[in-house]
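Note sheet for the following structure.
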Amino acid sequence: MKLRALQLANVRKFTGKRASISGIGDGITVVSEANEFGKSTFFDAVHALFFEKYSATGRAVKSLQPYAGGAVEIAAEVETNAGLFRVEKRFLSRKTARITRLPDGTTVAQDDEAERWIATLLGTGREGPAGLLWVRQGLVGLEPDSASETS
């Protein structure tokens, strides 16, 4: 599976707004912005999309809801051996999950069937993101340390 695009609506700082990352190609993709631009929000949303059920109401999902409330909507375009698909979930209000085949827009699966489709796609059931996504906030070990700068 290759992530090709990600869209958020009404997620954390994007209260009542849509935000997206698109045009994700092969190879390494770097998401880089200053603090408080929403990078962690996007990574938490990817995790919720693939590892939280659309019917979930726990802390992980509620932490995505902005202070103003409302439904949290997350969608991704993913490329698989079977083609390009849109995976989308709406949490907390009018909860739903849907898998759509692109570009023809055919609904492949909805709600619980969509959850099974995602689990099959990941190949690991609901065990977590090991190997799929690794994000580390803060130091990455590439910064010069103060001792070597003075030498």
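The values are calculated or read from the model by the stated rules, or taken from the named source; none is laboratory data. All values derive from a computational prediction rather than experimental measurement. Cβ coordinates were reconstructed from backbone atoms using ideal geometry, including for glycine residues, and neighbour counts include every protein chain displayed. Accessible surface areas use protein heavy atoms only, side chains included; no ligands, DNA or RNA. Shrake-Rupley method; radii C 1.70, N 1.55, O 1.52, S 1.80 Å.
With respect to VAL78, is the statement that it is under 22 Å from GLY123 (Cα atoms), assigned to a strand (DSSP E or B) and either open to solvent by 40 Å² or more (accessible area, probe 1.4 Å) or touching a residue at least 12 places away in the same chain (Cβ under 8 Å) (or both) true?
Details: under 22 Å from GLY123 (Cα atoms): yes; assigned to a strand (DSSP E or B): yes; either open to solvent by 40 Å² or more (accessible area, probe 1.4 Å) or touching a residue at least 12 places away in the same chain (Cβ under 8 Å) (or both): yes.
Considered against the rule, which asks whether it is under 22 Å from GLY123 (Cα atoms), assigned to a strand (DSSP E or B) and either open to solvent by 40 Å² or more (accessible area, probe 1.4 Å) or touching a residue at least 12 places away in the same chain (Cβ under 8 Å) (or both), VAL78 comes out as yes.
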Within region 6-24, the residues that are in contact (Cβ under 8 Å) with a residue 12 or more places away in the chain and surrounded by fewer than 16 Cβ atoms within 10 Å (Cβ to Cβ) are LYS13, THR15, GLY16, SER20, SER22, GLY23
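Does LEU49 satisfy the condition of being under 24 Å from LYS2 (Cβ atoms) and in a helix (DSSP H, G or I)? Steps first, answer last, please.
Working: under 24 Å from LYS2 (Cβ atoms): yes; in a helix (DSSP H, G or I): yes.
Judged against the criteria, LEU49 is a match.
Criterion first (under 17 Å from ASP112 (Cβ atoms) and outside any loop (DSSP other than H, G, I, E, B)) does PHE43 satisfy it?
Numbers: under 17 Å from ASP112 (Cβ atoms): no; outside any loop (DSSP other than H, G, I, E, B): yes.
When the stated conditions are applied, PHE43 does not pass them.
Here is a check on your reading of the model: is THR29 over 23 Å from ALA114 (Cα atoms), in a loop (DSSP other than H, G, I, E, B) and touching a residue at least 40 places away in the same chain (Cβ under 8 Å)?
Details: over 23 Å from ALA114 (Cα atoms): yes; in a loop (DSSP other than H, G, I, E, B): yes; touching a residue at least 40 places away in the same chain (Cβ under 8 Å): no.
So THR29 does not fit the description; no.
What residue, of ILE99, ILE24, is part of a strand (DSSP E or B) and either under 19 Å from LEU121 (Cβ atoms) or modelled with pLDDT of 95 or more (or both)? Break it down stepwise before answering.
Numbers: ILE24 fails: part of a strand (DSSP E or B).
When all the criteria are applied, what remains is ILE99.
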